[in-house]
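The values are calculated or read from the model by the stated rules, or taken from the named source; none is laboratory data. Note that the structure is a prediction, hence the values are computed from the model and not measured. Here the Cβ is made from the backbone with ideal geometry for all residues, glycine too, and neighbour counts use every protein chain on show. Quick note on the areas: whole protein, heavy atoms, side chains included, nothing else; ligands and nucleic acids left out. Shrake-Rupley method; radii C 1.70, N 1.55, O 1.52, S 1.80 Å.
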Amino acid sequence: MSLLTVRQLGKSFGGVHAVRDVSFELAPGELVALIGPNGAGKSTTFNMINGQMAPDRGQIELRGQSLIGLAPRAVWRLGVGRTFQTASVFGSMTVLENVQMVMLSHDRRFGQLLTRACHYRRQEALAVLAKVGLESLADRGCQSLAYADLKRVELAMAIANEPRLLLMDEPTAGMAPAERQMLMALTRDLARAQNIGVLFTEHSMDVVFGYADRIVVMAAGELIAQGSPHQVEQDRAVAQAYFGRSAVSGGLAISAEGP
Ligand code: ADP
Ligand code: MG
């Protein structure tokens, strides 16, 4: 059964069709890359799936349940987690406390937010940190962390809610190549182990072709191709729209660093 089903999704801003008639599916445990030049409509698509933005038309279903009209919080509670383009952790708190905050929020224990956060589900929060290899940094203040470690904290916060679907808009932006590979390998391992579907955008073609099971390509609001990395690599429309070439000359996967 499909985890996420997007059908004929559309959104305009004034006269601009930011997203137009976009349809795709995503299965549990699958990593799908949503790629396309700047302005293609990737972030708008993400924002409609996570409830930040209402589509003008179309359907979005998570395991058969419509997400249309739900507030971001309600979408999150149904199991749609997300990470952000820039690391968005609380610098004044420790690594562990950031994960505990998510758990408190998820369990609706707002009264305990300020007073008891440090005790709340401590073992489970540590277990989440272990999944991303951050156990040893649990008690470190986040403001003292390296950027790559912050991104792992963010991933831990996203999986603390036990999502079924994880949305990652440019998760590796600002990271060095080796760190990108590490974050995506970690994401893939978590997705496989916990059967989480992952939809991510990414400019680095190394990352896209190295980690995506399937690729969905958008350009100027429209879906122009989707398929396996191999199929997309061979696609003429993709070469033209995305890379401004008239024909695929091979080596698309390794040569391009994105727009
Ligand atoms: P991408 O993430 O692929 O770079 P976006 O989804 O951010 O693309 O943008 C798609 C198009 O929609 C662009 O033309 C952009 O200028 C426009 N757009 C996005 N968000 C808004 C908004 N809030 N108001 C007006 N136009 C927007
Ligand atoms: Mg974007």
Could you tell me which residue of the range 219-239 is modelled with the lowest pLDDT, considering only residues that are open to solvent by 60 Å² or more (accessible area, probe 1.4 Å) and over 19 Å from H17 (Cβ atoms)? R236
Is it true that A176 is of a type outside the set (D, E, K, R), without any contact (Cβ under 8 Å) to a residue 24 or more places away in the chain and away from ligand 2 (no atom under 16 Å from the Cβ)? no
Residue, nearest to ligand 1 (Cβ to nearest atom), within the range 1-20, restricted to residues that are open to solvent by 10 Å² or more (accessible area, probe 1.4 Å), part of a strand (DSSP E or B) and out of contact with any helix residue (DSSP H, G or I) (no Cβ under 8 Å at 6 or more places or on another chain): F13
State all residues of the range 52-86 that are among the aliphatic types (A, V, I, L, M) and surrounded by 20 or more Cβ atoms within 10 Å (Cβ to Cβ); if no residue qualifies, say none. I60, L62, L67, V75, V80
Picking from E170, E202, which residue would you name as being at pLDDT below 90, open to solvent by less than 60 Å² (accessible area, probe 1.4 Å), under 24 Å from V75 (Cα atoms) and within 16 Å of ligand 2 (Cβ to nearest atom)? E170
Would you confirm whether or not the range 59-75 contains a residue that is in contact with a Cys (Cβ under 7 Å, 6 or more places away or on another chain) and in contact (Cβ under 8 Å) with a residue 12 or more places away in the chain? no
All conditions in (1) over 14 Å from the mean Cα position of the chain (by Cα); (2) within 20 Å of L150 (Cβ to Cβ) are true of L183 except (1)
Conditions (1) open to solvent by less than 30 Å² (accessible area, probe 1.4 Å); (2) touching a helix residue (DSSP H, G or I) at 6+ places or on another chain (Cβ under 8 Å) -> E179 fails only (1)
Picked from the range 21-51 (must be away from ligand 2 (no atom under 16 Å from the Cβ) and open to solvent by 60 Å² or more (accessible area, probe 1.4 Å)), the residue farthest from L186 (Cα to Cα) is D21
Where in the range 71-139 are there helices (runs of 4 or more DSSP H), lying wholly inside it, with at least 2 residues that are modelled with pLDDT under 85? 95-106
